[in-house]
1. Considering only protein heavy atoms and a 1.4 Å probe, what is the carbon-and-sulfur percentage of the accessible area of the chain?
2. Give me the number: length gained by fully extending A203 to Y447, i.e. 0.36 nm times residue separation minus the C-alpha to C-alpha distance, one decimal in nm.
3. Report the trypsin sites (Lys or Arg not before Pro) located in the range 459-495 that are in a DSSP loop and have at most 14 other Cβ atoms inside 10 Å of their Cβ, or state none.
4. Roughly speaking, what is the stretch gain from K219 to R236, that is 0.36 nm per residue apart minus the C-alpha to C-alpha distance, in nm to one decimal?
5. For the chain, report the accessible area per residue in Å² (1.4 Å probe, heavy atoms, rounded to an integer).
6. I'd like the orientation of helix 6-24 relative to the chain: the angle between its Cα long axis and the longest Cα principal axis, in ° from 0 to 90, rounded to 10.
7. Divide the volume of the convex hull of the Cα atoms of the chain by its number of residues and quote the answer in cubic angstrom per residue.
8. Which entries in the list K433/K545; K487/K545; K49/K85; K449/K475; K412/K530 go over 24 Å, if you measure between the two C-alpha atoms of each?
Amino acid sequence: MLNVDEAQLLTEIKKAAIKNAVEYGKAQESAVSGKVLSKAPELKNDMSKLHKLVSTIVNEVNSMGKVELESEYKKYEVEFTSESKEKKEKTAKPKLELKDIKGTFITRFPPEPNGYLQIGHAKAVLMEQTFARKYNGSIILYFDDTNPEKEEQRFVDAIKEDLKWLGVTFDKEYYASDNIGLLYKYAETMIREGNAYVCMCDAEKMRSGRADGYGCVHKTHTTERNLELWGTMLSRELDEGTATLRLNGDMSAENTMMRDPTLFRIKYSTHYRQGDKYAIWPTYNFNTPVNDSLNGVTDAIRSKEFELEDELYFKILDMLQLRKPRIHTIARLEIKNNLTSKRKINELIREKYISGYDDPRLVTITALKRRGILPGAIKEFALRFGMSKTNSKVSIDMLLAENRKLIDKNSKRLSCVEEPMELIVNDIPESEKNKRVKLHPLADIGYKKYNLNSVFFINTTDASNLKIGDTVRLKGAFSVRVTGVTKDGMTGNFAGDEMGPAIQWINKGDEVACKLLRIGDLLINDKFNKDSLSVTNCYVEGYSKSLENGEVVQFERIGFFKLDDKSTMSFLSL
Ligand SMILES: [Zn+2]
(Lines give C-alpha, C1' and ligand atoms only; values in the text may rest on other atoms or scores of the structure.)
Protein backbone atom coordinates (compact mmCIF):
# COMPACT_ATOMS: atom_id res chain seq x y z
CA MET A 1 0.00 0.00 0.00
CA LEU A 2 2.98 2.34 0.35
CA ASN A 3 4.61 4.24 -2.47
CA VAL A 4 7.99 4.11 -0.84
CA ASP A 5 9.78 0.84 -1.38
CA GLU A 6 10.80 -1.03 1.72
CA ALA A 7 14.58 -0.77 1.30
CA GLN A 8 14.39 2.93 0.65
CA LEU A 9 12.15 3.36 3.67
CA LEU A 10 14.59 1.51 5.92
CA THR A 11 17.42 3.76 4.70
CA GLU A 12 15.39 6.90 5.36
CA ILE A 13 14.57 5.75 8.88
CA LYS A 14 18.16 4.85 9.55
CA LYS A 15 19.43 8.20 8.27
CA ALA A 16 16.94 10.10 10.39
CA ALA A 17 17.80 8.03 13.47
CA ILE A 18 21.55 8.53 13.01
CA LYS A 19 21.19 12.27 12.52
CA ASN A 20 18.90 12.54 15.51
CA ALA A 21 21.26 10.47 17.68
CA VAL A 22 24.31 12.56 16.71
CA GLU A 23 22.47 15.82 17.30
CA TYR A 24 20.74 14.95 20.56
CA GLY A 25 22.86 12.16 22.06
CA LYS A 26 20.07 9.64 21.61
CA ALA A 27 17.56 9.02 18.83
CA GLN A 28 13.92 9.64 19.73
CA GLU A 29 11.20 7.59 18.05
CA SER A 30 8.81 10.51 17.67
CA ALA A 31 11.46 12.76 16.10
CA VAL A 32 12.51 10.04 13.65
CA SER A 33 8.92 9.18 12.68
CA GLY A 34 8.18 12.87 12.20
CA LYS A 35 11.16 13.31 9.92
CA VAL A 36 10.30 10.26 7.83
CA LEU A 37 6.65 11.30 7.57
CA SER A 38 7.63 14.76 6.39
CA LYS A 39 9.38 13.10 3.45
CA ALA A 40 6.76 10.45 2.76
CA PRO A 41 3.39 11.61 4.13
CA GLU A 42 1.63 8.60 2.57
CA LEU A 43 3.12 6.50 5.37
CA LYS A 44 0.44 8.00 7.61
CA ASN A 45 -1.81 5.33 6.18
CA ASP A 46 0.14 2.63 7.92
CA MET A 47 1.35 4.14 11.14
CA SER A 48 1.68 0.88 12.99
CA LYS A 49 4.05 -0.50 10.36
CA LEU A 50 6.10 2.69 10.39
CA HIS A 51 6.09 2.66 14.13
CA LYS A 52 7.40 -0.91 14.29
CA LEU A 53 10.22 -0.21 11.87
CA VAL A 54 11.19 3.06 13.56
CA SER A 55 11.17 1.47 16.97
CA THR A 56 13.47 -1.35 15.84
CA ILE A 57 15.92 0.92 14.02
CA VAL A 58 16.01 3.53 16.79
CA ASN A 59 16.90 0.79 19.27
CA GLU A 60 19.60 -0.45 16.92
CA VAL A 61 21.10 3.04 16.48
CA ASN A 62 20.90 3.82 20.18
CA SER A 63 22.91 0.70 20.94
CA MET A 64 25.77 1.75 18.60
CA GLY A 65 29.04 2.89 20.15
CA LYS A 66 30.32 6.40 19.53
CA VAL A 67 32.83 5.37 16.86
CA GLU A 68 30.33 3.29 14.93
CA LEU A 69 27.73 6.06 15.11
CA GLU A 70 30.18 8.66 13.79
CA SER A 71 31.30 6.48 10.92
CA GLU A 72 27.64 5.87 10.00
CA TYR A 73 27.02 9.63 10.14
CA LYS A 74 29.95 10.27 7.77
CA LYS A 75 28.28 8.07 5.13
CA TYR A 76 25.37 10.49 4.85
CA GLU A 77 27.08 13.74 5.78
CA VAL A 78 26.82 15.32 2.32
CA GLU A 79 23.09 14.62 2.16
CA PHE A 80 22.56 16.00 5.65
CA THR A 81 24.30 19.26 4.78
CA SER A 82 22.37 19.82 1.58
CA GLU A 83 19.09 18.97 3.31
CA SER A 84 19.67 21.47 6.07
CA LYS A 85 20.65 24.13 3.53
CA GLU A 86 17.44 23.47 1.63
CA LYS A 87 15.44 23.67 4.83
CA LYS A 88 17.09 26.96 5.76
CA GLU A 89 16.21 28.42 2.38
CA LYS A 90 12.63 27.23 2.66
CA THR A 91 12.09 28.61 6.13
CA ALA A 92 14.09 31.81 5.64
CA LYS A 93 12.00 34.71 6.80
CA PRO A 94 11.08 37.23 4.13
CA LYS A 95 12.33 40.75 4.58
CA LEU A 96 9.59 42.94 5.91
CA GLU A 97 10.49 46.29 4.50
CA LEU A 98 8.74 49.23 2.92
CA LYS A 99 10.40 51.43 0.35
CA ASP A 100 11.55 54.98 1.06
CA ILE A 101 10.55 55.26 4.68
CA LYS A 102 12.15 58.32 6.23
CA GLY A 103 10.97 60.26 9.27
CA THR A 104 7.49 59.87 10.72
CA PHE A 105 5.64 56.62 10.18
CA ILE A 106 1.95 56.36 11.02
CA THR A 107 -0.24 53.55 9.76
CA ARG A 108 -3.76 52.35 10.54
CA PHE A 109 -5.93 49.26 10.67
CA PRO A 110 -9.41 50.02 9.22
CA PRO A 111 -12.01 47.32 10.10
CA GLU A 112 -15.70 47.87 9.48
CA PRO A 113 -17.69 46.80 12.57
CA ASN A 114 -20.13 44.67 10.59
CA GLY A 115 -18.65 41.25 11.33
CA TYR A 116 -15.77 39.32 12.83
CA LEU A 117 -12.08 39.51 12.01
CA GLN A 118 -10.60 36.64 10.05
CA ILE A 119 -7.11 35.44 9.18
CA GLY A 120 -6.74 37.97 6.33
CA HIS A 121 -7.35 40.87 8.73
CA ALA A 122 -4.84 39.33 11.12
CA LYS A 123 -2.20 39.37 8.41
CA ALA A 124 -2.82 43.06 7.66
CA VAL A 125 -2.82 44.23 11.26
CA LEU A 126 0.20 42.14 12.25
CA MET A 127 2.17 43.55 9.32
CA GLU A 128 1.12 47.06 10.25
CA GLN A 129 2.21 46.50 13.82
CA THR A 130 5.54 45.09 12.65
CA PHE A 131 6.20 48.13 10.47
CA ALA A 132 5.11 50.57 13.18
CA ARG A 133 7.70 49.01 15.48
CA LYS A 134 10.37 48.75 12.83
CA TYR A 135 10.09 52.42 11.84
CA ASN A 136 9.53 53.74 15.39
CA GLY A 137 6.10 54.82 14.29
CA SER A 138 2.57 54.36 15.49
CA ILE A 139 -0.54 52.46 14.53
CA ILE A 140 -4.12 53.70 14.67
CA LEU A 141 -7.29 51.66 15.03
CA TYR A 142 -9.76 53.24 12.62
CA PHE A 143 -13.34 51.99 12.62
CA ASP A 144 -14.74 52.54 9.14
CA ASP A 145 -18.34 52.76 10.32
CA THR A 146 -20.55 54.67 7.90
CA ASN A 147 -23.03 51.93 6.93
CA PRO A 148 -25.60 52.38 9.71
CA GLU A 149 -27.78 49.44 8.68
CA LYS A 150 -24.94 46.92 8.94
CA GLU A 151 -22.81 47.99 11.88
CA GLU A 152 -23.19 47.09 15.55
CA GLN A 153 -21.48 47.80 18.84
CA ARG A 154 -21.08 44.06 19.50
CA PHE A 155 -18.81 43.86 16.45
CA VAL A 156 -16.71 46.78 17.70
CA ASP A 157 -16.33 44.90 20.99
CA ALA A 158 -15.54 41.57 19.29
CA ILE A 159 -12.96 43.19 16.99
CA LYS A 160 -11.24 44.87 19.92
CA GLU A 161 -11.21 41.63 21.88
CA ASP A 162 -9.70 39.69 18.96
CA LEU A 163 -7.04 42.37 18.41
CA LYS A 164 -6.12 42.29 22.07
CA TRP A 165 -5.85 38.51 21.92
CA LEU A 166 -3.60 38.80 18.85
CA GLY A 167 -1.34 41.05 20.92
CA VAL A 168 -1.88 44.23 18.92
CA THR A 169 -2.10 47.49 20.82
CA PHE A 170 -2.87 50.85 19.23
CA ASP A 171 -1.58 54.34 19.82
CA LYS A 172 -4.87 55.95 18.90
CA GLU A 173 -8.42 54.94 18.04
CA TYR A 174 -10.98 56.80 15.97
CA TYR A 175 -14.30 56.26 14.26
CA ALA A 176 -15.20 57.54 10.82
CA SER A 177 -18.70 58.26 12.12
CA ASP A 178 -17.30 60.75 14.65
CA ASN A 179 -16.10 62.96 11.82
CA ILE A 180 -19.19 63.26 9.61
CA GLY A 181 -19.71 66.98 10.15
CA LEU A 182 -16.22 67.71 8.90
CA LEU A 183 -16.71 65.43 5.91
CA TYR A 184 -19.82 67.45 4.93
CA LYS A 185 -17.58 70.54 4.69
CA TYR A 186 -15.24 68.70 2.34
CA ALA A 187 -18.23 67.55 0.31
CA GLU A 188 -19.36 71.15 -0.07
CA THR A 189 -15.89 72.16 -1.22
CA MET A 190 -16.03 69.39 -3.81
CA ILE A 191 -19.40 70.67 -5.06
CA ARG A 192 -18.32 74.32 -5.14
CA GLU A 193 -15.25 73.43 -7.19
CA GLY A 194 -17.22 71.37 -9.66
CA ASN A 195 -15.73 68.08 -8.44
CA ALA A 196 -18.99 66.55 -7.23
CA TYR A 197 -22.66 66.61 -8.21
CA VAL A 198 -25.97 65.38 -6.86
CA CYS A 199 -27.35 62.56 -8.99
CA MET A 200 -31.02 61.62 -8.80
CA CYS A 201 -30.75 58.47 -10.92
CA ASP A 202 -31.84 55.13 -9.47
CA ALA A 203 -29.32 52.34 -8.88
CA GLU A 204 -30.05 50.60 -12.17
CA LYS A 205 -29.59 53.77 -14.22
CA MET A 206 -26.31 54.52 -12.47
CA ARG A 207 -25.11 51.00 -13.12
CA SER A 208 -25.91 51.07 -16.81
CA GLY A 209 -24.38 54.55 -17.19
CA ARG A 210 -21.14 53.24 -15.66
CA ALA A 211 -21.19 50.13 -17.79
CA ASP A 212 -21.77 52.06 -21.01
CA GLY A 213 -19.49 54.96 -20.08
CA TYR A 214 -22.06 57.73 -20.32
CA GLY A 215 -22.77 60.48 -17.83
CA CYS A 216 -26.36 61.24 -16.79
CA VAL A 217 -28.25 64.50 -17.12
CA HIS A 218 -27.37 65.49 -13.52
CA LYS A 219 -23.67 65.65 -14.32
CA THR A 220 -24.25 68.96 -16.10
CA HIS A 221 -26.17 70.67 -13.28
CA THR A 222 -24.86 74.06 -12.19
CA THR A 223 -23.00 74.44 -8.91
CA GLU A 224 -25.95 76.38 -7.50
CA ARG A 225 -28.38 73.60 -8.36
CA ASN A 226 -26.01 71.03 -6.80
CA LEU A 227 -25.63 73.03 -3.61
CA GLU A 228 -29.39 73.39 -3.40
CA LEU A 229 -29.96 69.64 -3.86
CA TRP A 230 -27.19 68.81 -1.39
CA GLY A 231 -29.02 71.07 1.08
CA THR A 232 -32.27 69.16 0.59
CA MET A 233 -30.36 65.90 1.15
CA LEU A 234 -28.92 67.21 4.42
CA SER A 235 -32.27 68.51 5.61
CA ARG A 236 -33.81 65.05 5.16
CA GLU A 237 -36.29 66.13 2.49
CA LEU A 238 -35.43 63.23 0.19
CA ASP A 239 -36.12 59.52 0.50
CA GLU A 240 -33.46 56.85 0.71
CA GLY A 241 -32.21 55.85 -2.73
CA THR A 242 -33.45 59.00 -4.50
CA ALA A 243 -30.20 61.00 -4.50
CA THR A 244 -26.47 60.53 -4.10
CA LEU A 245 -23.46 62.79 -4.21
CA ARG A 246 -21.11 61.56 -6.93
CA LEU A 247 -17.58 62.42 -7.92
CA ASN A 248 -17.47 64.39 -11.13
CA GLY A 249 -15.01 61.99 -12.70
CA ASP A 250 -14.48 60.53 -16.13
CA MET A 251 -17.33 58.28 -17.28
CA SER A 252 -15.16 56.75 -19.99
CA ALA A 253 -12.15 56.09 -17.73
CA GLU A 254 -10.54 52.73 -18.24
CA ASN A 255 -10.49 52.22 -14.46
CA THR A 256 -14.22 51.86 -13.82
CA MET A 257 -13.68 53.02 -10.22
CA MET A 258 -13.21 56.51 -11.72
CA ARG A 259 -16.60 56.53 -13.45
CA ASP A 260 -18.29 58.97 -11.06
CA PRO A 261 -18.31 56.84 -7.89
CA THR A 262 -20.77 57.58 -5.10
CA LEU A 263 -19.33 59.71 -2.28
CA PHE A 264 -22.42 60.16 -0.08
CA ARG A 265 -25.84 58.49 0.08
CA ILE A 266 -29.03 58.79 2.11
CA LYS A 267 -29.59 56.27 4.91
CA TYR A 268 -32.19 56.74 7.62
CA SER A 269 -31.27 53.65 9.70
CA THR A 270 -30.25 54.33 13.27
CA HIS A 271 -26.48 54.16 13.69
CA TYR A 272 -25.07 52.10 16.59
CA ARG A 273 -22.84 55.00 17.70
CA GLN A 274 -24.38 58.19 16.31
CA GLY A 275 -28.05 57.29 16.68
CA ASP A 276 -30.21 59.37 14.31
CA LYS A 277 -27.81 62.30 14.20
CA TYR A 278 -27.03 61.81 10.48
CA ALA A 279 -28.97 60.70 7.44
CA ILE A 280 -26.31 61.38 4.79
CA TRP A 281 -23.44 58.92 5.02
CA PRO A 282 -20.09 58.98 3.20
CA THR A 283 -18.88 55.86 1.38
CA TYR A 284 -15.67 53.96 2.04
CA ASN A 285 -14.21 55.60 -1.06
CA PHE A 286 -14.58 59.07 0.39
CA ASN A 287 -13.96 58.26 4.05
CA THR A 288 -10.73 56.46 3.68
CA PRO A 289 -8.52 59.01 1.92
CA VAL A 290 -9.89 62.00 3.83
CA ASN A 291 -9.65 60.37 7.26
CA ASP A 292 -6.20 58.91 6.51
CA SER A 293 -4.94 62.32 5.50
CA LEU A 294 -6.57 64.25 8.36
CA ASN A 295 -5.36 61.78 10.98
CA GLY A 296 -1.75 61.99 9.95
CA VAL A 297 -1.49 58.53 8.36
CA THR A 298 1.73 58.42 6.34
CA ASP A 299 1.58 54.82 5.13
CA ALA A 300 -1.44 52.68 4.45
CA ILE A 301 -1.19 48.94 3.77
CA ARG A 302 -3.91 47.59 1.52
CA SER A 303 -4.51 44.19 0.09
CA LYS A 304 -4.43 43.70 -3.59
CA GLU A 305 -8.16 43.67 -4.27
CA PHE A 306 -8.24 47.40 -3.51
CA GLU A 307 -5.52 48.23 -6.02
CA LEU A 308 -8.00 49.73 -8.52
CA GLU A 309 -9.18 52.09 -5.82
CA ASP A 310 -5.76 53.70 -5.36
CA GLU A 311 -6.33 56.07 -8.28
CA LEU A 312 -9.59 57.29 -6.77
CA TYR A 313 -7.97 57.63 -3.32
CA PHE A 314 -5.34 59.99 -4.69
CA LYS A 315 -7.78 61.82 -6.97
CA ILE A 316 -10.00 62.82 -4.04
CA LEU A 317 -7.01 64.03 -2.03
CA ASP A 318 -5.80 66.01 -5.05
CA MET A 319 -9.20 67.64 -5.47
CA LEU A 320 -9.29 68.61 -1.78
CA GLN A 321 -5.62 69.58 -1.77
CA LEU A 322 -4.99 67.30 1.18
CA ARG A 323 -1.69 65.60 2.05
CA LYS A 324 -1.31 62.20 0.41
CA PRO A 325 -0.24 59.12 2.38
CA ARG A 326 1.71 56.34 0.65
CA ILE A 327 -0.13 53.13 -0.14
CA HIS A 328 1.63 49.77 0.01
CA THR A 329 -0.06 46.78 -1.57
CA ILE A 330 0.19 43.24 -0.22
CA ALA A 331 -1.40 39.98 -1.30
CA ARG A 332 -4.64 38.96 0.32
CA LEU A 333 -4.25 35.93 2.58
CA GLU A 334 -6.80 33.23 1.91
CA ILE A 335 -7.04 29.66 3.12
CA LYS A 336 -7.58 26.81 0.72
CA ASN A 337 -10.95 25.05 1.02
CA ASN A 338 -12.19 27.60 3.51
CA LEU A 339 -14.04 30.91 3.25
CA THR A 340 -14.30 34.32 4.85
CA SER A 341 -17.30 35.80 3.05
CA LYS A 342 -19.86 36.89 5.64
CA ARG A 343 -22.72 36.08 3.31
CA LYS A 344 -21.50 32.52 2.77
CA ILE A 345 -20.69 31.94 6.45
CA ASN A 346 -24.17 33.18 7.40
CA GLU A 347 -25.63 30.75 4.88
CA LEU A 348 -23.75 27.83 6.47
CA ILE A 349 -24.95 28.92 9.92
CA ARG A 350 -28.54 29.21 8.70
CA GLU A 351 -28.39 25.75 7.16
CA LYS A 352 -27.01 24.53 10.53
CA TYR A 353 -23.89 23.15 8.82
CA ILE A 354 -21.73 25.08 11.26
CA SER A 355 -22.50 26.31 14.75
CA GLY A 356 -21.51 29.98 14.44
CA TYR A 357 -18.61 32.33 13.78
CA ASP A 358 -16.52 30.44 16.33
CA ASP A 359 -17.06 27.05 14.69
CA PRO A 360 -13.55 25.54 14.80
CA ARG A 361 -13.61 24.76 11.07
CA LEU A 362 -13.65 28.47 10.19
CA VAL A 363 -10.67 30.81 9.97
CA THR A 364 -12.20 33.71 11.85
CA ILE A 365 -9.98 34.81 14.72
CA THR A 366 -12.59 33.72 17.23
CA ALA A 367 -12.70 30.23 15.64
CA LEU A 368 -8.90 29.91 15.55
CA LYS A 369 -8.78 30.94 19.20
CA ARG A 370 -11.40 28.35 20.13
CA ARG A 371 -9.56 25.69 18.19
CA GLY A 372 -6.39 26.24 20.21
CA ILE A 373 -4.23 28.13 17.72
CA LEU A 374 -1.90 30.50 19.55
CA PRO A 375 -1.52 34.16 18.52
CA GLY A 376 2.23 33.58 18.10
CA ALA A 377 1.54 30.91 15.48
CA ILE A 378 -0.83 33.21 13.57
CA LYS A 379 1.87 35.88 13.54
CA GLU A 380 4.60 33.55 12.26
CA PHE A 381 2.25 32.23 9.61
CA ALA A 382 0.86 35.60 8.49
CA LEU A 383 4.21 37.35 8.22
CA ARG A 384 5.95 34.62 6.26
CA PHE A 385 4.46 35.85 2.98
CA GLY A 386 6.22 39.18 3.36
CA MET A 387 5.43 41.92 0.85
CA SER A 388 4.55 39.49 -1.91
CA LYS A 389 1.68 40.64 -4.09
CA THR A 390 0.91 37.22 -5.48
CA ASN A 391 -2.50 36.19 -4.26
CA SER A 392 -2.65 32.54 -3.45
CA LYS A 393 -4.71 30.23 -1.35
CA VAL A 394 -2.65 28.61 1.34
CA SER A 395 -3.21 25.35 3.16
CA ILE A 396 -4.25 25.60 6.81
CA ASP A 397 -1.63 22.91 7.48
CA MET A 398 1.05 25.61 7.39
CA LEU A 399 -0.65 27.42 10.25
CA LEU A 400 -1.17 24.18 12.17
CA ALA A 401 2.52 23.30 11.76
CA GLU A 402 3.55 26.70 13.19
CA ASN A 403 1.17 26.12 16.06
CA ARG A 404 2.53 22.65 16.80
CA LYS A 405 6.02 24.09 17.17
CA LEU A 406 4.70 26.23 20.01
CA ILE A 407 2.37 23.80 21.77
CA ASP A 408 4.83 20.91 21.61
CA LYS A 409 6.98 22.56 24.28
CA ASN A 410 4.60 22.11 27.16
CA SER A 411 1.61 19.99 26.19
CA LYS A 412 1.00 17.07 28.49
CA ARG A 413 1.44 13.66 26.86
CA LEU A 414 -1.51 11.41 27.48
CA SER A 415 -2.48 7.97 26.33
CA CYS A 416 -5.54 7.55 24.13
CA VAL A 417 -6.88 4.28 22.76
CA GLU A 418 -9.25 4.57 19.84
CA GLU A 419 -10.41 1.00 19.28
CA PRO A 420 -9.90 -0.60 22.64
CA MET A 421 -9.45 -4.32 23.18
CA GLU A 422 -8.32 -6.05 26.35
CA LEU A 423 -4.89 -7.41 27.11
CA ILE A 424 -4.60 -9.42 30.30
CA VAL A 425 -1.07 -9.54 31.69
CA ASN A 426 -0.11 -12.32 34.09
CA ASP A 427 2.59 -12.32 36.73
CA ILE A 428 3.10 -8.56 37.09
CA PRO A 429 5.39 -8.25 40.15
CA GLU A 430 4.05 -6.04 42.95
CA SER A 431 7.06 -3.74 42.51
CA GLU A 432 5.97 -2.95 38.92
CA LYS A 433 2.41 -1.99 39.76
CA ASN A 434 3.07 1.54 40.96
CA LYS A 435 4.37 3.73 38.14
CA ARG A 436 5.21 7.37 37.85
CA VAL A 437 5.54 8.67 34.29
CA LYS A 438 6.63 12.16 33.20
CA LEU A 439 3.89 14.23 31.56
CA HIS A 440 6.39 15.60 29.02
CA PRO A 441 9.65 14.02 27.83
CA LEU A 442 11.63 17.26 28.32
CA ALA A 443 9.60 19.93 30.07
CA ASP A 444 9.34 19.72 33.84
CA ILE A 445 5.55 19.78 34.15
CA GLY A 446 4.95 16.92 36.53
CA TYR A 447 4.00 13.26 36.50
CA LYS A 448 1.06 10.98 36.08
CA LYS A 449 0.82 8.07 38.51
CA TYR A 450 -0.59 4.60 38.06
CA ASN A 451 -1.58 1.82 40.42
CA LEU A 452 -1.89 -0.96 37.86
CA ASN A 453 -4.11 -4.01 37.76
CA SER A 454 -3.67 -6.82 35.25
CA VAL A 455 -6.14 -5.69 32.56
CA PHE A 456 -5.11 -3.17 29.90
CA PHE A 457 -6.86 -1.59 26.96
CA ILE A 458 -4.73 -1.50 23.82
CA ASN A 459 -5.50 -0.48 20.24
CA THR A 460 -7.02 -3.24 18.12
CA THR A 461 -4.72 -2.25 15.24
CA ASP A 462 -1.63 -2.55 17.45
CA ALA A 463 -2.88 -5.93 18.61
CA SER A 464 -3.49 -7.11 15.06
CA ASN A 465 0.25 -6.83 14.38
CA LEU A 466 1.11 -9.17 17.22
CA LYS A 467 1.28 -12.93 17.35
CA ILE A 468 2.01 -15.41 20.08
CA GLY A 469 5.63 -15.15 21.22
CA ASP A 470 6.03 -11.47 20.24
CA THR A 471 7.18 -8.98 22.81
CA VAL A 472 5.54 -5.61 23.04
CA ARG A 473 6.37 -2.70 25.31
CA LEU A 474 3.57 -0.94 27.20
CA LYS A 475 5.03 2.52 26.92
CA GLY A 476 6.19 3.93 30.25
CA ALA A 477 5.50 0.62 32.04
CA PHE A 478 7.03 -2.71 31.07
CA SER A 479 7.13 -5.32 28.31
CA VAL A 480 4.71 -8.14 27.76
CA ARG A 481 5.21 -11.40 25.86
CA VAL A 482 2.07 -12.45 24.03
CA THR A 483 0.81 -15.89 25.09
CA GLY A 484 -2.68 -15.99 23.64
CA VAL A 485 -4.82 -14.29 21.04
CA THR A 486 -8.61 -14.58 20.82
CA LYS A 487 -11.15 -12.55 18.97
CA ASP A 488 -12.04 -10.73 22.21
CA GLY A 489 -8.58 -9.98 23.41
CA MET A 490 -5.07 -11.09 24.20
CA THR A 491 -3.17 -12.51 27.08
CA GLY A 492 0.49 -12.16 27.88
CA ASN A 493 3.15 -12.54 30.52
CA PHE A 494 5.15 -9.84 32.22
CA ALA A 495 8.50 -9.58 30.33
CA GLY A 496 10.40 -6.86 32.25
CA ASP A 497 12.63 -4.73 30.06
CA GLU A 498 12.71 -6.94 26.97
CA MET A 499 12.92 -5.04 23.70
CA GLY A 500 9.85 -4.63 21.55
CA PRO A 501 7.80 -1.98 19.82
CA ALA A 502 6.14 0.40 22.28
CA ILE A 503 2.35 0.77 22.24
CA GLN A 504 -0.21 2.94 24.02
CA TRP A 505 -2.35 1.48 26.77
CA ILE A 506 -4.87 2.41 29.41
CA ASN A 507 -5.32 0.40 32.56
CA LYS A 508 -8.86 -0.93 33.03
CA GLY A 509 -10.77 1.23 35.50
CA ASP A 510 -8.66 4.27 34.65
CA GLU A 511 -10.36 4.88 31.29
CA VAL A 512 -12.41 7.99 30.58
CA ALA A 513 -14.78 7.96 27.61
CA CYS A 514 -13.93 10.86 25.30
CA LYS A 515 -14.77 12.19 21.88
CA LEU A 516 -12.08 13.16 19.40
CA LEU A 517 -13.38 15.77 16.95
CA ARG A 518 -11.17 15.80 13.90
CA ILE A 519 -11.35 18.92 11.79
CA GLY A 520 -11.01 18.63 8.04
CA ASP A 521 -11.47 21.09 5.18
CA LEU A 522 -14.65 23.14 5.41
CA LEU A 523 -15.18 22.97 1.65
CA ILE A 524 -14.59 20.50 -1.14
CA ASN A 525 -14.81 21.96 -4.64
CA ASP A 526 -16.29 25.11 -3.10
CA LYS A 527 -19.16 23.14 -1.54
CA PHE A 528 -19.65 22.39 2.15
CA ASN A 529 -17.77 19.23 3.10
CA LYS A 530 -20.20 17.07 5.07
CA ASP A 531 -17.24 15.18 6.55
CA SER A 532 -15.47 18.32 7.73
CA LEU A 533 -15.93 17.26 11.34
CA SER A 534 -15.55 13.59 12.23
CA VAL A 535 -16.14 12.25 15.71
CA THR A 536 -14.40 9.19 17.19
CA ASN A 537 -15.31 7.73 20.55
CA CYS A 538 -12.28 6.56 22.48
CA TYR A 539 -10.72 6.06 25.88
CA VAL A 540 -8.29 8.50 27.41
CA GLU A 541 -6.40 7.78 30.61
CA GLY A 542 -7.84 8.97 33.93
CA TYR A 543 -5.42 11.88 34.24
CA SER A 544 -7.60 13.65 31.65
CA LYS A 545 -10.19 14.31 34.38
CA SER A 546 -7.82 16.87 35.87
CA LEU A 547 -7.47 18.84 32.60
CA GLU A 548 -8.93 22.31 32.38
CA ASN A 549 -11.30 23.42 29.66
CA GLY A 550 -9.19 24.80 26.83
CA GLU A 551 -6.05 22.85 27.74
CA VAL A 552 -3.98 21.42 24.89
CA VAL A 553 -2.57 17.89 25.17
CA GLN A 554 -0.79 15.45 22.93
CA PHE A 555 -2.34 12.04 22.64
CA GLU A 556 0.74 10.05 21.96
CA ARG A 557 1.04 8.75 18.41
CA ILE A 558 -2.28 10.44 17.54
CA GLY A 559 -1.58 14.14 17.75
CA PHE A 560 -2.40 17.38 19.52
CA PHE A 561 -5.90 18.07 20.75
CA LYS A 562 -7.58 20.83 22.70
CA LEU A 563 -10.16 20.07 25.37
CA ASP A 564 -13.12 21.98 23.95
CA ASP A 565 -15.84 20.91 26.35
CA LYS A 566 -15.08 19.17 29.62
CA SER A 567 -18.73 18.30 30.29
CA THR A 568 -18.70 15.96 27.28
CA MET A 569 -14.91 15.37 27.27
CA SER A 570 -14.74 16.54 23.64
CA PHE A 571 -11.34 17.26 22.16
CA LEU A 572 -10.64 19.23 18.96
CA SER A 573 -7.79 18.19 16.67
CA LEU A 574 -4.93 20.64 16.21
ZN1 LIG B 1 -27.93 61.00 -12.48
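1. On the way: 13630 of 27990 Å².
Ligands and nucleic acids excluded, carbon and sulfur reach 49 percent.
2. Working: separation 244, 0.36 × 244 = 87.84 nm, distance 6.85 nm.
Difference between extended and current length: 81.0 nm.
3. Values: sites: K467, R473, K475, R481, K487; in loops: K467, K475, K487.
Sparse-neighbourhood loop trypsin sites (Lys or Arg not before Pro): K467, K487.
4. Numbers: separation 17, 0.36 × 17 = 6.12 nm, distance 2.20 nm.
Net length gain for the segment: 3.9 nm.
5. Values: 27990 Å² over 574 residues.
The answer is 49 Å² per residue.
6. Rounded to the nearest ten degrees, it is 80.
7. On the way: hull volume 111.1 nm³, N = 574.
Convex hull of Cα atoms, per residue: 194 Å³.
8. On the way: K433/K545 21 Å; K487/K545 31 Å; K49/K85 30 Å; K449/K475 14 Å; K412/K530 32 Å.
Correct reply: K487/K545; K49/K85; K412/K530.
The values are calculated or read from the model by the stated rules, or taken from the named source; none is laboratory data. All values reported here derive from a predicted model rather than from experimental measurement. All Cβ positions, even for glycine, are placed from backbone atoms using ideal geometry, and neighbour counts span all protein chains on display. Just the protein is used for accessible areas: all its heavy atoms, side chains included, with ligands, DNA and RNA removed. Shrake-Rupley method; radii C 1.70, N 1.55, O 1.52, S 1.80 Å.
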